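Okay, here's the structure, questions in a sec.
Read-outs throughout are calculated quantities, based only on the coordinates presented, and are distinct from any laboratory measurement. No experiment lies behind these values; they were computed from the predicted model shown. Cβ placement follows ideal geometry from the backbone for every residue including glycine, while neighbour counts extend to all protein chains displayed.
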Amino acid sequence: SGPIIELGYMGLSVSNADAWKNFAGKIMGLEISDEGEGDRFYLRMDEWHHRFVVHVDGQDDLAYMGWRVAGRQELDQAARLLEANGVEVTFGSPEEAAERRVLGLLKLQDPGGNPTEIFYGPQVDAHRPFHPGRPMHGRFVTGAQGMGHSILRQSDDDAAYAFYEMLGFRGDVEYHLPLPNGMTAKPIFMHCNERDHSVAFGMGPMPKRINHFMFEYTDLRDFGRTHDLIRKEGTDVALALGMHSNDRALTFYCANPSGWLWEPSWNGRPSSDLQEYYVSDILGHDNEAEGYGMDLRLKS
Ligand code: MBD
Ligand code: FE
């Protein structure tokens, strides 16, 4: 295993702040934390100061991924590891660390060009209990599993695999799936903790850096309420309610106000180092809205 312990935070660039506050808070149940900075607001999922920084600067895409290491020694170790493998790394300035609410960070790019930060020491607001944006029976699964997972754009899946493996992630191709053009998609799923996967790729060309973000409710009632609310709003759903074969989670994929997908989920199983692959999901996940990069057939 390597220095990375969790997907700790993400930066999003959005154009419509009000739509995002409604979607993230009133529909998904995340806590909106606006400190009046004007160009950004925050989304909380737990006691951390934030899990998302939402930058209102109009790109409607991922701004950066934030991968956590335990402490300063592990940050230095990660920097040496990356440099030894020919990856250009810069240490964030004290001002940049303060802006991210962390004790220290590295800035780099993954092989797909996705802005990537490796950090230690997040600001945890233990004095400020998590307060969901809509009433919730339970909470979000975070802790040792991190905030969730994302599928990211890569131009070279082998290079992406080598990069994340170098940082200590494990995983491989976990599905062989038919594509609309007759080819076979072989997406790769990688984990760095008990979350089944924290990063995935291998979905072919993508218009944005990110295809989707998955997060998990502890309570089926909250997951179900989110599904009810999305259906009531008539929001685009790319994959209907279903259960994945790899993480066994009940999920669906809906469009967020930036036009990429969110994957609310419930009841995922922990990651395993015993590699398997699947040719179909277990239940549902029928294709609905097209054009969100999820037009492959997950269930045979
Ligand atoms: C996932 O979380 C996912 O997004 C896909 C495409 C397949 C299995 C699990
Ligand atoms: Fe997913």
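Do we find a residue being under 27 Å from residue 286 (Cβ atoms), crowded, with 22+ Cβ neighbours inside 10 Å and of a type in the set (A, V, I, L, M) anywhere in segment 157-176?
The answer is no, given that none of the residues of segment 157-176 is under 27 Å from residue 286 (Cβ atoms), crowded, with 22+ Cβ neighbours inside 10 Å and of a type in the set (A, V, I, L, M).
Among the residues of segment 78-102, which ones are touching a Pro at 6+ places or on another chain (Cβ under 8 Å) and within 20 Å of residue 54 (Cα to Cα)?
Of everything in segment 78-102, those that are touching a Pro at 6+ places or on another chain (Cβ under 8 Å) and within 20 Å of residue 54 (Cα to Cα) turn out to be 101, 102.
I've got another one for you. Do we find a residue being within 12 Å of ligand 2 (Cβ to nearest atom), touching an Asp or Glu at 6+ places or on another chain (Cβ under 6 Å), of a type in the set (S, T, N, Q) and in contact (Cβ under 8 Å) with a residue 12 or more places away in the chain anywhere in segment 272-291?
no
Find the residue count for segment 113-128, including only residues that are hydrophobic (A, V, I, L, M, F, W, C) and assigned to a loop (DSSP other than H, G, I, E, B). Before you say what the answer is, go through the steps one by one.
Of segment 113-128, the ones hydrophobic (A, V, I, L, M, F, W, C) are 118-119, 124, 126.
Still in the running and assigned to a loop (DSSP other than H, G, I, E, B): 126.
Matching residues across segment 113-128 total 1.
Here are 203, 190: which of them is within 16 Å of ligand 2 (Cβ to nearest atom), closer than 27 Å to residue 169 by Cβ and either among the hydroxyl-bearing types (Ser, Thr, Tyr) or in contact with a Pro (Cβ under 8 Å, 6 or more places away or on another chain) (or both)?
The match here is 203.
Now a separate question. Within segment 211-234, is there a residue that is away from ligand 2 (no atom under 12 Å from the Cβ) and under 16 Å from the mean Cα position of the chain (by Cα)?
Within segment 211-234, one or more residues are away from ligand 2 (no atom under 12 Å from the Cβ) and under 16 Å from the mean Cα position of the chain (by Cα).
Could you list, in sequence order, all residues of segment 281-298 that are among the small types (Gly, Ala, Ser) and more than 11 Å from ligand 1 (Cβ to nearest atom)?
284, 289, 291
Let me ask something else about it. For segment 19-46, enumerate the residues that are assigned to a helix (DSSP H, G or I) and over 19 Å from residue 218 (Cβ atoms).
Of everything in segment 19-46, those that are assigned to a helix (DSSP H, G or I) and over 19 Å from residue 218 (Cβ atoms) turn out to be 19, 20, 21, 22, 23, 26.
Quick one: which of 271, 265 is more than 10 Å from ligand 1 (Cβ to nearest atom) and under 24 Å from residue 209 (Cβ atoms)?
Matching residue, one of 271, 265: 271.
Here's another thing I want to ask about it. When you scan segment 156-174, how many residues do you find that are away from ligand 1 (no atom under 15 Å from the Cβ) and not in a loop (DSSP other than H, G, I, E, B)?
Qualifying residue count, segment 156-174: 10.
Applying the selection to segment 70-106, what residues are crowded, with 17+ Cβ neighbours inside 10 Å and closer than 30 Å to residue 23 by Cα?
97, 100, 101, 102, 105
Of all residues in segment 258-282, which are surrounded by 13 or more Cβ atoms within 10 Å (Cβ to Cβ) and charged (D, E, K, R)?
263, 281
Search segment 239-258 for residues being touching an Asp or Glu at 6+ places or on another chain (Cβ under 6 Å) and within 26 Å of residue 61 (Cα to Cα), and hand back the single one that is farthest from ligand 2 (Cβ to nearest atom).
Residue satisfying both the conditions and the ranking: 258.
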